[in-house]
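Each remark here refers to the structure printed beneath this line.
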Amino acid sequence: MRKYIAEFVGTFTLVLFGTGIAVVSGGDLVATSLAFGLAIIAEAYVIGNISGCHVNPAVSLAMLMQKKLSGKDFCGYVAAQVLGAVVGSAILVLILTGTDIGTASLGANYYGELSANGITWIGALSTEIILTAIFVYTILGVTDDAKYANVAGIVIGLTLTFVHLLGIPLTGTSVNPARSIAPAIFLRGDALKQVWVFIVGPLLGGAFASILFKYLNKEGKEPRKKAK
């Protein structure tokens with residue numbers, strides 16, 4: 001139960017601060033990118049030793065495929081992540097209600113006419129697959145060797161920051177189904193209609209990263225010799 005609570009808290013924090021700063025900063029590219037990246041860095045060192053700090057169904061899917069997560073825990077993690085994200089968005093609504101900023105955005109992801117540049121659903125889906133694959137591949141690589149343990153959180157956070165720098169002008173950057181589901185639930189309408197791209201894309205990206213990592217980093221790798 002502790003690991004599920006940790007995933008809830010981690011995803012809650014990521015969504016509240018990531019989408020919250022996106023809204024209050026007017027979608028500022030650097031501020032929003034840093035908000036998501038710094039949130040991951042902080043949470044990695046707080047809950048990483050409890051749950052692994054996935055805070056993202058795409059990451060949990062990759063870990064399931066790597067056999068580092070059981071089917072039961074995968075379901076528990078995803079449920080906790082989505083619930084944490086929803087509560088994060090709910091708190092953001094509570095904070096913004098009645099302010100001049102309002103609750104018309106909540107950091108939702110869009111494509112087509114509602115996006116910043118009119119990106120098509122194919123373009124949005126492709127963007128999310130590629131960005132998520134890069135992000136998750138980095139996570140798999142930096143967490144696979146204990147010698148990187150001290151810097152893993154920093155590397156992962158900085159990677160999330162740089163994929164946001166490219167993705168925000170295109171789709172708003174999801175790379176995390178839970179992060180996209182939460183604001184869509186509260187905004188409903190077009191946000192809810194389009195959210196499938198930001199669920200399918202990251203999950204496909206996470207799965208691709210897992211397959212690529214197994215092929216490039218695991219296949220043919222000589223097993224470590226046991227100490228005599």
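Values quoted throughout were computed directly from the atomic coordinates according to the rules given, and no laboratory measurement underlies them. Here the structure is a predicted model, which is why all the values come from computation and not from measurement. In this analysis, Cβ positions are derived from the backbone assuming ideal geometry, glycine residues included, and neighbour counts consider all displayed protein chains.
Stick to the Cα atoms of segment 56-104, pair each with every other, and give me the Kirkwood hydrodynamic radius in Å at one decimal.
Numbers: mean 1/r = 0.0805 Å⁻¹.
Hydrodynamic radius (Kirkwood, Cα only) of segment 56-104 equals 12.4 Å.
Using only Cα atoms and rounding to the nearest 10 degrees, what angle (0 to 90) does helix 177-187 make with the longest principal axis of the chain?
20 degrees
Could you check the simple spin-label distance between ALA79 and LEU165, using points 7 Å along Cα→Cβ, in nm with one decimal?
Placing both labels 7 Å beyond Cα along the Cβ direction yields 4.0 nm.
Could you check the spin-label model distance between VAL93 and VAL30? Points 7 Å from the Cα along Cα→Cβ, value in nm.
The answer from the label model is 3.4 nm.
So which residue, out of LEU14, LEU165, LEU61, gets the largest mean-square fluctuation from a GNM of the chain using Cα contacts under 10 Å as springs?
Of LEU14, LEU165, LEU61, the most mobile in the Gaussian network model is LEU165.
Output wanted: per-residue J couplings in Hz (rounded whole) for segment 56-67, from phi through Karplus 6.51 cos²θ - 1.76 cosθ + 1.60, θ = phi - 60°, x for Gly and Pro.
6, x, 5, 5, 5, 5, 4, 5, 5, 5, 7, 6
Across segment 114-120, in residue order, what do the Karplus-derived ³J(HN,Hα) couplings come to in whole Hz, using 6.51 cos²θ - 1.76 cosθ + 1.60 with θ = phi - 60° and x for Gly and Pro?
Along segment 114-120, the couplings run 7, 7, 5, 9, x, 4, 6 Hz.
In Å, what Rg and Dmax follow from the Cα atoms of segment 5-89?
So, for segment 5-89, Rg and Dmax equal 13.1, 41 Å respectively.
Which entries of LYS68/LYS147; LYS72/LYS147; LYS72/LYS214 have Cα-Cα distances beyond 26 Å here?
LYS72/LYS147
With a/c under 1.5 counting as rounded, go ahead and sort segment 37-125 into rounded, prolate or oblate using the C-alpha gyration tensor (a ≥ b ≥ c being the square roots of the eigenvalues; past the cut-off, prolate if a/b is larger than b/c, else oblate). Present the calculation step by step, with values, prior to reporting the outcome.
On the way: a/c = 2.38, a/b = 1.43, b/c = 1.66.
Oblate, because a/c is 1.5 or more while a/b does not exceed b/c.
May I ask for the angle, rounded to the nearest 10°, between helix 29-51 and the longest principal axis of the chain, with both axes built from Cα atoms and the value confined to 0 to 90°?
Value to nearest ten degrees: 40.
Once the convex hull of the C-alpha atoms of the chain is built, how many Å³ does it hold per residue, rounded to a whole number?
117 Å³
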